[in-house]
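This report refers to the structure that appears directly beneath it.
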Amino acid sequence: MFNSKFLLHTTLFFLITVITCLAQEQITTGKIRGFVTDTTNGERIGYANVFVKGTTLGAPSNSEGYYFIPSIPAGKQTIIFSFLGYEPKVITLEIIANKTLELDVQLKPSSVQLQELNVVGEMEVRPNETDLGIQKITAREIEMQPVGAEPDIFRVLQTAPGVNTTGDVTSKYYVRGGGGDQNLILLNGAPIYNPFHALGIFSVIDPEMISILEFHKGGFESEYGGRLSSILNIETRDGNKKNYQATANASLLAGRVSVEGPIPYGSFLVTGRKSYYADILEKYLNNDGAPFDFYDISFKANYGNPDIDPDGKFVVHGFISGDEVKYDDPFIEDFSVSNKIFGFNWNKVWSNPLFSKFVFAYSGYKADVNPKLSNSKPRTNEVSDITANLDFTYMYDSKDEFRFGLQNRIVNTSLQLTNLYGVKTNYAKEGWEMSVYSNYKFLRWDHVGFDIGVRAILTGLSEKRPFLLEPRMKVTYRPVPFIALKAAFGSYSQEIATVSNENELISIFEPWIIIPDYVNSGHATHYIAGIKFFFSEKMTFELEGYYKDLSNLIDLNNRKYNSLFGDYINVEGEAYGLEALAKFQPDMMFISASYTLSWAYKTRDGEKYHPRYDTRHSVNLLAGFDLGSNWKITSNWSLRSGMPFTPIIGFYDRPEVSLDPILNINSFLASTFWDGRNTGRLPFYHRLDFSVSKKTKIYNADVTFGASVLNAYNRKNIYYYDKDSGERVNMLPVFPSAYIKVEI
């Protein structure tokens, strides 16, 4: 009896104590929230560090520059705002119990020029952040990469560990053993189906319009779907909110202009680019000229009137690009490709710690092949994608986060072909994909972080659609302050893909289609683990290992003998590897070194082989230096294993047979004996690029002069052996370039 009463009293005392403590915490803590912006132009700064001095409390701003810190002890507190490339700002204020203070802060760009080019700083305000496989890149980091014919964000991605390319001629990238079409590229929430100019030599995204890039190499959260390998999320700048500004850039290939400035309760940004000297690309094409002509135009306007919608922002944006290759020779086919994107976004911070984002966008893509008098056949591919997403993020006082949303897209694809006998076919398909997702981030403990989510695909685009549920999970554990152990798992599906010949080094026509009804849609499972060392604020080292199981990949059926056979088949795949990345960022300098050891396989008809983009070893060394007086120099050295290829083992004379007995004479055609698929491997590839720039003042304009040299020591890297002659064809030789940038 005594024991029962003692247990009852003890339990009651414990409950009263807990309730009292919780109540006391409720009335003795407060919250702060607001936006972090740039003093010079009013642009919101994403992923800035915000923390309370002398505590473990803090949070990074999101991509919109919004931050929220709960559970701050009441009383006088010092809040520190920082971001690489900006001077830290320290604010002391009175935290009021059970109140939320609005605190918008402006950061001033640092006078140290090189720091403006650095990678986004480590988010140490959240030591338990579940950020495995995520790389965040600002527009300033893009400037770190030596420029070729044009600045290119995809060239920046290719220097990241785990990202491969098949040559100098293309900016197409492959992530951890996945195909090029397994990468989703989002522009303000809208997908881009053809992200390349000049048949893939560089990207359509003008660096002038970029605010931040968020690159997910694998294990991405449940809010993202539709691709098997990676997500590249591009947010464009709002435009200068304080002053009107114009910028002009001229390279040897194209000219670029941008205009931006304030409007009532907002700002605008318009950019444009147009080619004028395509002959400069001859070196990319083994001295064979191609009459390229391309352009791209983007615009964005934002409006946030507090009288209409407090803490809300409305955004309209658009992007249009076009590429044409038109030969004067009537016996060479012409090509044309275009993108059209239009969207409306509504971002809202609600009175409670809830952040919402609504995205409505249209993305259109069209590609044409005009054969003229050549032996080629006409081909046309069209894609129409309408996206409507509603996403929410709720932030708890415990620092936990809960994300959930509803995502829809209606997709139409059409592929029109003509075969050798003149028979026309049109593969057209329409589908509606509806998905819901939820994601909970457990961040209340400083040393442990969990990210658990699930994506449910309620309706799919393809007939043999993926499984209903796709679970995702991430975990971070900090046993000691300078070490972070991380792991991730995820299930992913893809119901739209490109169909092209993998052996084509330059893919001129890569049509997108919804997966046909007679084959299965693609599926991938990611397993990732890593460790990161924080030796100091300026030096880090991270190691990641991954395994990716790929199934039901779509491929062309090269054994279609009659109309009963389908045009496409499913193949299997797998990829695994180890990645290392070291960063050293002392004053006036930036150094990054990475190494990747990886394997990629595909299995078709029982045959296991390496795809063209398989690379065994890859090394990238990137360095930047501030020489003072606004002089900067950057360099990048790359080394990687040669690509797989199918060797020629001999030739033979194949007799040509005619059905006409009169013409049936003895004649022979030279034919090739091929070894096993991709059983050979080209020699090692290595290349050094460097650039130098100088910024000066001329009257009222800031003028930057720049020059770069690609393949500085003229390494003769082999691209392929010609299948008819066996002749060796090399990649890009030494390539000098120059540019000028004027800001008014």
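Coordinate-derived values only; no laboratory data. This is a predicted model, so every value here is computed, not measured. Counting neighbours? That spans all protein chains shown, and the Cβs are built from the backbone with ideal geometry, glycine included.
Can you figure out the FRET efficiency of ASN426 with PHE584, using R₀ = 51 Å and their beta-carbon distance, to the nearest 0.05? Numbers along the way, then the final one.
Values: r = 56 Å, r/R0 = 1.10.
Once the sixth-power term is evaluated, E becomes 0.35.
Could you tell me what percent of the DSSP beta bridges with both partners in the chain are antiparallel, to the nearest 5? Mind showing how you got there, number by number?
Details: 307 of 318 bridges.
Rounded to the nearest five, the antiparallel share is 95 percent.
Output the peptides 728-736, 407-415, 430-438 sorted from most to least packed, where packing is the average of other Cβ atoms within 10 Å over each peptide's residues.
Details: 728-736: 15.4, 407-415: 19.4, 430-438: 17.2.
The most tightly packed comes first, giving 407-415, 430-438, 728-736.
Do the sum for the chain: with -39,500 (n - 2.57) for every DSSP H run of n ≥ 4, divided by all residues, what is the mean residue ellipticity at 222 nm, to the nearest 500 deg cm²/dmol? All intermediate terms of the calculation are to be shown ahead of the outcome.
On the way: 3 runs with 36 residues, N = 744.
That comes out to -1500 deg cm²/dmol.
So what J values fall out for the range 705-716 if you push phi through Karplus, 6.51 cos²θ - 1.76 cosθ + 1.60 with θ = phi - 60°, rounded to Hz, Gly and Pro as x?
9, x, 9, 9, 9, 8, 6, 4, 9, 6, 5, 8
Enumerate the calculated ³J(HN,Hα) couplings along the range 32-40 in order (Karplus 6.51 cos²θ - 1.76 cosθ + 1.60, θ = phi - 60°), each rounded to whole Hz, writing x wherever the residue is Gly or Pro.
Rounded to whole hertz, the list is 10, 8, x, 10, 9, 10, 8, 5, 7.
For the range 62-86, list residues with backbone N below 11 Å from a point placed 7 Å from the Cα of THR92 toward its Cβ?
76-79
Relative contact order (percent) for the chain, with alpha-carbon contacts under 8 angstrom and 6 or more residues of separation? Write down the numbers at each step before the final one.
Values: 2079 pairs, mean separation 71.5, N = 744.
Reported as a whole number, the value is 10 percent.
Which chymotrypsin sites (Phe, Trp or Tyr not before Pro) in the range 563-650 sit in a loop by DSSP (not H, G, I, E or B) and have at most 14 other Cβ atoms within 10 Å of their own Cβ?
On the way: sites: PHE565, TYR568, TYR576, PHE584, PHE590, TYR595, TRP599, TYR601, TYR609, TYR613, PHE625, TRP631, TRP637, PHE645; in loops: PHE565, TYR613.
In loop regions of the range 563-650 (DSSP not H, G, I, E or B), the sparsely surrounded chymotrypsin sites (Phe, Trp or Tyr not before Pro) are PHE565.
Could you tell me the center-to-center distance, by alpha carbons, between the range 189-243 and the range 390-459 in angstrom?
So the two Cα centres are separated by 16 Å.
Where does the charge balance sit around THR247 when Lys and Arg score +1, Asp and Glu -1, over other residues with C-beta under 10 Å from its C-beta?
Values: positive: ARG256, LYS741; negative: GLU208, GLU260, ASP702, GLU743.
That sum, taken over residues with Cβ under 10 Å, equals -2.
Short version: ³J(HN,Hα) in whole Hz for each residue of the range 481-494, in order, from phi by Karplus 6.51 cos²θ - 1.76 cosθ + 1.60 (θ = phi - 60°), x for Gly and Pro, what are they?
Those phi angles translate into x, 9, 10, 10, 9, 9, 8, 8, 9, x, 10, 9, 9, 8 Hz.
Compute the signed sum of charges (Lys and Arg +1, Asp and Glu -1) over the other residues within less than 14 Å, Cβ to Cβ, of ILE79.
Numbers: positive: LYS31, ARG33, LYS53, LYS76, LYS89; negative: GLU94, GLU102, ASP104.
Neighbour charge sum, excluding ILE79 itself: +2.
Once fully extended, how much extra length lies between ALA250 and TRP445, figured as 0.36 nm per residue of separation less the alpha-carbon to alpha-carbon distance? Walk me through the intermediate numbers first.
Values: separation 195, 0.36 × 195 = 70.20 nm, distance 5.11 nm.
Extra length available between ALA250 and TRP445 comes to 65.1 nm.
Amide H to amide H, which residues 5 or more places from ASN717 or on other chains are under 5 Å from it, using H placed in the peptide plane?
Placed amide hydrogens put MET731 under 5 Å from ASN717.
For each pair in LYS31/LYS89; LYS300/LYS366; LYS424/LYS602; LYS424/LYS548; LYS108/LYS313; LYS340/LYS532, compute the distance between the two Cα atoms and list the pairs where it is over 30 Å.
On the way: LYS31/LYS89 19 Å; LYS300/LYS366 23 Å; LYS424/LYS602 32 Å; LYS424/LYS548 39 Å; LYS108/LYS313 23 Å; LYS340/LYS532 41 Å.
Where the Cα-Cα span goes over 30 Å, the pairs concerned are LYS424/LYS602; LYS424/LYS548; LYS340/LYS532.
Round to a whole angstrom and tell me the spacing of the C-alpha centers of the range 48-102 and the range 674-731.
Spelled out, the Cα-based centre of one part sits 45 Å from the other.
Using +1 at the Cβ of each Lys and Arg and -1 at the Cβ of each Asp and Glu in the chain, identify which of THR55, ALA582, LEU228 lies farthest towards the dipole's positive end.
Sorting the options by dipole projection puts first THR55.
Name the residue from TYR601, ASN240, GLY180 whose Cα lies farthest towards the positive end of the charge dipole of the chain, charges +1 on Cβ of Lys and Arg and -1 on Cβ of Asp and Glu.
ASN240
Which length gain, in nm to one decimal place, applies between LEU101 and LYS372 when the Cα-Cα distance is subtracted from 0.36 nm times their residue separation?
On the way: separation 271, 0.36 × 271 = 97.56 nm, distance 6.75 nm.
Net length gain for the segment: 90.8 nm.
With charges only on Cβ, +1 for K and R and -1 for D and E, what is the dipole size of the chain about its Cα centre, in debye, rounded to 20?
On the way: 73 positive and 83 negative charges, 303 e Å.
Charge dipole, the chain, about its Cα centre: 1460 debye, nearest 20.
According to a simple spin-label model (label point 7 Å from Cα along Cα-to-Cβ), what is the distance in nm between ILE633 and SER356?
Modelled inter-label distance: 5.5 nm.
Tell me which of TYR437, SER641, SER321 sits at the most positive position along the dipole axis of the chain, charges placed on C-beta atoms (Lys, Arg +1; Asp, Glu -1).
Of the listed residues, the answer is TYR437.
What FRET efficiency comes out for the pair PHE402/SER336, r = Cβ-Cβ distance, R0 = 56 Å, nearest 0.05?
Numbers: r = 46 Å, r/R0 = 0.83.
So the FRET efficiency works out to roughly 0.75.
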